Amino acid sequence: MEFFTGKFVTIVGFCAALAATYAFFRAAQNDDAKPVYDEWLSLARKSFFVMMIAIVVNGFHLLYLILTHQFQYNYVKHYSSTDLNVFYLISTFYAGQEGSFMLWMFYGGLFGLFLMKTAKEYEAPVMTVLSLSQAFLLSMILGIDMPFLKDGIGSDVFALTTGPVPEEGDGLNPLLQNPWMVIHPPTLFVGFASLIIPYSYAIAAMWKNKYDDWIRPATPWVLFSAATLGIGIMMGGYWAYKVLGWGGYWGWDPVENSSLVPWLLVVALIHTLIVQKKNGALKKTNLLLATLAFSAVLYSSFLTRSGVLADTSVHSFTDLGLYNQLLAFVLVFLGLGVGLLVIRFKSIKVVSRDESIYSREFFLLCGAVVLTLIAGVVVAGISTPIVDSLLNRPITKLEPDFYNEVTLPLAVLIGFLSAIGQSIWWTKIDRDNLFKALWLPFALALVFTSVLMLAGMKDVSMILLALAASFSLFANGQVLLKVLKGNPKYAGGSLTHVGLGLMLLGIIGSAKYDQTQHLELPKGKTVQAFGKEMTYAGMQDVGGGKSGFKIEVRDGNKSYVAMPIMYETKRMTVQNPDVAHYLTKDFYIAPVNVMIKDNPNQLILKKGESQTLEGYVVKFVNFNMEKSVLGGGVDGKIKVVAILEVSKDGKTETIEPVYLIQAGSAPIIEYASLPSAPNVSFAITRIDATSGKVMVEAKGLGTNFEPQETLIVEASVKPFINVLWLGTYVVAIGFVVSIYRRWQERKLKARSALVAEPIADKNPVAL
Amino acid sequence: MSVKPKFVVGFVVIVAVLAWLGFTAQEWGNSAIGYATISEAAKSGKLAYIKGYWLKEEPTETNRNVFTFYLKDEEGNVARVIYRNGKPNNFEQATSVVVQGKCENGTIYAKDILVKCPSKYQSEKADSEKKI
């Protein structure tokens, strides 16, 4: 029965995807013979629909199993539990590898349906490639044993657990139980999945030997991928900052890096596409970048899902035995794109034009080169474990600082390039006009940077970056104002670059001028740090078994209560920081630990051992087995009576303190006083059954003791981090505006290389 | 013969890219930190990642911000670890730890401690090290 509801549907979907691939392929090969074309196309569409139905049925099936807590299914058992609310239960759908593949193929299917409606003459070739990728994705969850393959094909999402049905699942990772984490993976996966579209268009172009038209319908998708991937990445950063208490938003971790690479490549592709649209150059570059961007997505899946990073990233990845399959996915798609490009290399006409260096295209190309260089170095960085193991040498890992150092000069370049390039508006410009256009933003940037230097900025590289970033911000701001006066539809590009300038400035502030201190906050005592007075007031239950740590923060006349949170779960301690937002900075408190000071008046004794405490020699003789009740008590209590001999000044007394254990509550500790000095008493406060040791605590000795609780926090000031977040919003809005415009333009036929864009006629902001 | 500005610019770009690649290669050499056992790390004296387990039988102390414990590596060698940033989160729950540090005279001076939790989750970042 299980076979027909789960695995069978997957197999049907997989076969339908293969059928669709073949039928779209035949249609594309026969696009000059109308009846044959139509026949194959209609078969292909039907197959694709069958595949989509299988994916949707599987999706609802898994969702149903999760919502009804069917823990006999491995996947449900591993990732969900009964105590999760519906919101988080739904997010367990993509908590594991198989589920996230299902999400990916669902998006792929949606894009496919959309393309079948809109792609027109590109439908058959584009859908051939997309259907092939769907078949690969479906194969990942097949779970079929093969005679010659050790691991079989795929990992069945509907596999059953072995042994008795578990009553409770393992639950969702507590760190993921956060609204940001519910939307971060689905958004990122939209970006990943959508990169198949520009890739498919590039393949279609090479297949059909037509290199001019594909870029128009592909451009809105390229922008769409860049936008969704970028938003997904930033959500991850925001989550790390606001929820995880990492104190930062970007750590150059292999996993983060592997999602950054496709983004950098697709952004580079945006720039080179604009060049081709303008003058017909860079055709091969565009085909290559579209191939590389999607291959980077596949390579990143390979790295994060095959277990090869297990040693160098602390992220835990379960190896599902998909290594070979994932590798094949990367190699087939990379090979297809690069192979076709090599075959077609000679037949792609090279447009050679004597470009002035004062042309927009020159700067677009430089920008794309810089972005590709960054992508290249990051790819090299994340590949080190593979390269090391291939070369059979000890595995190394790069320090995060490496990336900061190496990308810094490129970030400075990006600032300058985007400032100048954006100011050259579509047409060639000569040197004088360029200076006229740029003097004001550059002067403003100089003033701005001087202010920062007066405020204490000394690091030369940071000064340069600040100059470049503010130059970009002001230059693009100037362009933006002009465009808004003309036609706001064209504001996308300058908006995005204004956002970029803001982001770079925010990164300088928050990353370089971040001040962090480890603070110890003894309860009730005021500690000074960052010009603030902080007083830890104690623990407070904030519901859900979580403890909040109440800290009164006084800053001049103003004060507020910070409440970082820490709680234990089955597997880990979770820390949520407290972030106070000011206009120019964030004050960030991440809890680290609570220390309870040990009582000085305590001893740990073995049987027969004696130690001295404030002049009293305490000897643990034995347990009094006659008085003790060890199990079998009527009320389930366990009573342990110990015999202690206490000597002082040659006088020895015997006392018998009692330790009572009750099921489900804290042990009851009874102190026994010395007959000669009733104010001095001793108790057994802990018993270690395995070693036979006991902990003895004394009261009424000379030194008085009050339990002291100390909260350790990592407090930091993050200047101008708001500017970074603001920049991300502006970038996102810029992308939306651009997508809208390019979507409207997708139907316009590619113009001959010499005709300028319409904006140059209507909107002469060439200054 | 006058040289076209285009070629001058092209030359400058290529030189800049090559210079940057050289800089990158040099930084790479400085920043690549290898995984090593205690004996290898002791021999080289260089910063290394040392993977191992917390040896619970030996004393573990948290004295203000200084945290010390004993680490047993995969070869079975034991070394004392001194870490100056307090006890890492989830230390007790860890199945294994990776200490980044230098080994001098049988003591590892840790710069960072990464804690591996016994989690089966594959979620990205989730079980990751704290901080950048």
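The values are calculated or read from the model by the stated rules, or taken from the named source; none is laboratory data. Just so you know, these numbers come straight off a predicted model, no measurement behind them. Cβ placement follows ideal geometry from the backbone for every residue including glycine, while neighbour counts extend to all protein chains displayed. Accessible surface is based on the protein model in full, side chains and every heavy atom, while ligands, DNA and RNA are left aside. Shrake-Rupley method; radii C 1.70, N 1.55, O 1.52, S 1.80 Å.
Could you calculate, for region A:190-398, the ratio of the Cα radius of gyration to the Kirkwood radius, expressed as Rg to Rh?
Computed over Cα atoms, the ratio is 1.00.
What full-extension length gain, to one decimal in nm, is calculated for A:Thr654 and A:Ser42 as 0.36 nm per residue of separation minus the Cα-Cα distance?
210.7 nm
Taking the convex hull of the Cα atoms, report for region A:34-171 its projected area averaged over all directions, in nm².
Value for region A:34-171: 10.3 nm².
Using a loss threshold of 20 Å², tell me which positions in region A:157-189 are less accessible in the complex than in their chain alone. Probe radius 1.4 Å, ligands and nucleic acids ignored.
Residues shielded by partner chains are A:Asn173, A:Leu175, A:Leu176.
Only four residue types carry charge here, +1 at the Cβ of Lys and Arg and -1 at the Cβ of Asp and Glu. Report the dipole size of region A:1-153 about the Cα centre in Debye, rounded to the nearest 20. Display every interim value, and only then the final one.
Values: 9 positive and 11 negative charges, 22 e Å.
The calculated dipole for region A:1-153 is roughly 100 debye.
Net charge around A:Gly337, counting only other residues with Cβ within less than 12 Å of its Cβ (Lys, Arg = +1; Asp, Glu = -1)?
+2
With the crude spin-label approximation of a point 7 Å out along Cα→Cβ, what separation in nm comes out for A:Asp32 versus B:Ala19?
According to this spin-label approximation, the distance is 5.4 nm.
Out of region B:22-83, which trypsin sites (Lys or Arg not before Pro) are coil in DSSP terms and have no more than 15 other C-beta atoms within 10 Å?
On the way: sites: B:Lys43, B:Lys46, B:Lys51, B:Lys56, B:Arg64, B:Lys72, B:Arg80; in loops: B:Lys46, B:Lys56, B:Arg64.
Loop-located and lightly packed - B:Lys46, B:Lys56, B:Arg64.
A:Gly248's amide H: which non-local residues (gap 5+, or another chain) put their own amide H closer than 5 Å, with H modeled 1.01 Å from N in plane and none for Pro or chain starts?
Close amide H contacts, sequence-distant or interchain: B:Ile132.
Which whole number in µm²/s is D for region A:1-96 by Stokes-Einstein, with the Kirkwood Rh taken over Cα pairs at 25 °C and 0.890 mPa s?
D = 161 µm²/s.
Longest segment of chain A with no GluC sites (Glu not before Pro) in a DSSP loop having at most 10 other Cβ atoms within 10 Å?
On the way: sites that count: A:Glu167, A:Glu626.
Longest stretch, sites excluded: A:168-625.
Taking +1 at the Cβ of each Lys and Arg and -1 at the Cβ of each Asp and Glu, which of A:Tyr671, A:Gln72, A:Val640 sits farthest along the dipole of chain A towards its positive end, judged by Cα position relative to the Cα centre?
A:Gln72
Counting only heavy atoms of protein chains, what accessible area per residue, in Å², does region A:190-398 have with a probe of 1.4 Å?
Here the per-residue accessible area is 30 Å².
Hey, got a sec? Which chymotrypsin sites (Phe, Trp or Tyr not before Pro) in region B:26-65 land in a DSSP loop and have at most 11 other Cβ atoms within 10 Å?
Nothing satisfies the criteria.
Please compute the length gained on full extension between A:Arg554 and A:Val460, using 0.36 nm multiplied by the number of residues separating them and subtracting their Cα-Cα distance.
30.3 nm
Need one number: nm distance between label points at A:Val451 and A:Ile357, each 7 Å from Cα along Cα→Cβ, rounded to one decimal.
Each label point lies 7 Å from its Cα, and together they span 3.3 nm.
Antiparallel DSSP bridges in the protein assembly as shown: what percent, to the nearest 5?
Approximately 95 percent, going by the DSSP bridge assignments.
Please report the base-10 log of the normalised intensity I(q)/I(0) for chain A, using a Debye sum with one equal scatterer per alpha carbon and no solvent, at each q in 0.07, 0.11 (1/Å).
Values, matching the q order: -0.66, -1.27.
How long is region A:82-124 along each principal axis, judged by its Cα atoms, biggest number first, in Å?
Extents along the principal axes: 51, 18, 7 Å.
State the extension gain, in nm to one decimal, for the chain segment bounded by A:Tyr729 and A:Ile11, taking 0.36 nm per residue of separation less the distance between their alpha-carbons. Each step should come with its number before you reach the end.
Values: separation 718, 0.36 × 718 = 258.48 nm, distance 4.23 nm.
254.3 nm is the gain from fully extending A:Tyr729 to A:Ile11.
With contacts defined as alpha carbon pairs under 8 Å and 6 or more residues apart, what's the relative contact order of chain A in percent?
11 percent
Quick one: Debye curve from the alpha-carbon atoms of region B:35-116 only, equal weights, vacuum; give me log10 I(q)/I(0) at q = 0.15, 0.16, 0.18 Å⁻¹ to two decimals.
-0.43, -0.49, -0.63
Could you tell me what percent of the accessible area of region B:35-116 is made up of carbon and sulfur, with a 1.4 Å probe and every protein chain present?
For region B:35-116, the apolar C and S fraction of the accessible surface comes to 43 percent.
Roughly how many percent of the accessible protein surface of region A:152-250 is carbon and sulfur, given a 1.4 Å probe and a whole-percent answer?
C and S fraction of accessible area: 63 percent.
How big is the Kirkwood radius of region A:400-495, worked out from every pair of different alpha carbons and given in Å to one decimal?
When all Cα pairs of region A:400-495 are included, the Kirkwood radius is 14.3 Å.
Take the Cβ-Cβ distance between A:Leu63 and A:Ala159 as r, set R0 to 22 Å, and report the resulting FRET efficiency rounded to the nearest 0.05.
Efficiency for this residue pair is about 0.85.
Which residues, if any, in region A:217-265 have at least 50 Å² less accessible area in the whole protein complex than in the isolated chain, probe 1.4 Å?
Residues of region A:217-265 that lose at least 50 Å² of accessible area once the other chains are added: A:Trp246.
Out of the trypsin sites (Lys or Arg not before Pro) in region A:114-190, which ones are loop residues according to DSSP with at most 14 other C-beta atoms within 10 Å?
Of the trypsin sites (Lys or Arg not before Pro), the ones in loops of region A:114-190 whose Cβ has at most 14 other Cβ atoms within 10 Å are A:Lys150.
Residues with beta-carbon under 15 Å from that of A:Ala419, excluding A:Ala419: net charge, scoring Lys, Arg +1 and Asp, Glu -1?
Values: positive: A:Arg360, A:Lys436, A:Lys482; negative: none.
Local charge sum for A:Ala419: +3.
Spin-label point model (7 Å from Cα, Cβ direction): what's the A:Ala580 to A:Trp439 distance in nm?
Here the answer is 4.7 nm between the modelled labels.
So, R0 is 22 Å and r is the distance between the beta-carbons of B:Glu104 and B:Glu75; what FRET efficiency does that work out to, to 0.05? If you can, show how the numbers build up before the last one.
Numbers: r = 19 Å, r/R0 = 0.85.
Plugging the Cβ-Cβ distance into 1/(1 + (r/R0)^6) gives 0.75.
Binned at 10 Å from 0, what are the whole-percent values of the Cα-Cα distance distribution for region B:1-85, short to long?
That works out to 15, 26, 19, 12, 11, 9, 6, 2, 0, in percent per bin.
Nearest 100 Å², what total accessible surface is buried between chain A and chain B (probe 1.4 Å)?
Roughly 5300 Å² of accessible surface disappears when A and B pair.
Where does region A:11-67 land on Rg(C-alpha)/(2.2 N^0.38 Å)?
1.42
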